[in-house]
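Worksheet: the structure to be examined is printed underneath.
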Amino acid sequence: MHARIWLAASAILLTAGCAAEATPVALPAAAPKPVEAAAASSGGACRLLDFGVIAKHTGARFDVAASVERGDTHTCVLRAEAALLPELTLSVTETSIDTSGFTQDVLPRGATKVTKLGKVAYRHHLPKTGKVGPVAEVSWLATEGRLATLRWTCPNGTDTAEAEKMTGKLVNLAKAVDTRQL
């Protein structure tokens with residue numbers, strides 16, 4: 001009989017414990033997911049650039065953008081947060097220069113003319129200097145009276161042939177830049 005009482009009491013105690021709600025356990029908050037800011041959020045000439053479009057044309061991912069405006073010139077510099085180079089710079093300047101003035105005063109010696117980019121355009125690469133590698137450059141006279149230049153500064157140790165190859169990629173990127181949006 002004592003066994004039956006203990007058995008009944010144990011059953012009542014066990015079921016009473018199961019009926020109570022468990023105390024909620026506080027979980028730590030999930031780490032915030034990083035949000036990729038658009039290059040355009042830096043203003044100025046950066047409004048003309050998009051990190052995704054740049055990656056599509058150049059194969060490089062940038063995530064830091066800074067812009068500056070001085071007079072009629074708007075400049076945007078792009079870098080990857082983890083490295084100083086490569087660096088992509090876009091400069092757009094209001095100008096009254098015409099195509100012959102561009103050819104005489106802007107077109108560097110040894111540059112290759114580019115078709116289907118603005119009124120007149122060129123692509124050019126420069127040798128390495130100091131602590132930076134070679135530079136790829138594309139410049140064009142846009143139809144709305146603006147002179148635009150894309151410069152790609154390569155890391156030190158980059159072969160000059162890579163800079164020349166980058167000029168072709170910059171031409172395609174330049175065709176996607178609408179300087180009228182500035």
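In table form, for the structure just shown:
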{"item": "Protein accessible area in the range 105-182, 1.4 Å probe - carbon and sulfur %", "result": "48"}
{"item": "Cut-off 11 Å between beta-carbons: net charge of the residues surrounding Leu107, Lys and Arg +1, Asp and Glu -1", "result": "+2"}
{"item": "The range 70-125, accessible area per residue, ligands and nucleic acids excluded (1.4 Å, Å²)", "result": "60"}
{"item": "Net charge contributed by nearby residues that have their C-beta within less than 12 Å of Ala83 (K/R +1, D/E -1)", "result": "-1"}
{"item": "Proximal lysines relative to Lys119, as straight alpha-carbon distance under 18 Å, when same-chain residues fewer than 8 apart are discounted", "result": "Lys175"}
{"item": "Alpha carbon Rg of the range 25-144, scaled by the compact-globule rule 2.2 N^0.38 Å", "result": "1.36"}
{"item": "Proximal aspartates and glutamates to Lys128, defined as alpha-carbon separation beneath 19 angstrom and excluding residues fewer than eight positions away on the same chain", "result": "Glu87, Glu137, Asp159, Glu162, Glu164"}
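The values are calculated or read from the model by the stated rules, or taken from the named source; none is laboratory data. Here the structure is a predicted model, which means the values were calculated and not measured. Virtual Cβ from ideal backbone geometry, glycine too; neighbours counted across all protein chains shown. Accessible surface is based on the protein model in full, side chains and every heavy atom, while ligands, DNA and RNA are left aside. Shrake-Rupley method; radii C 1.70, N 1.55, O 1.52, S 1.80 Å.
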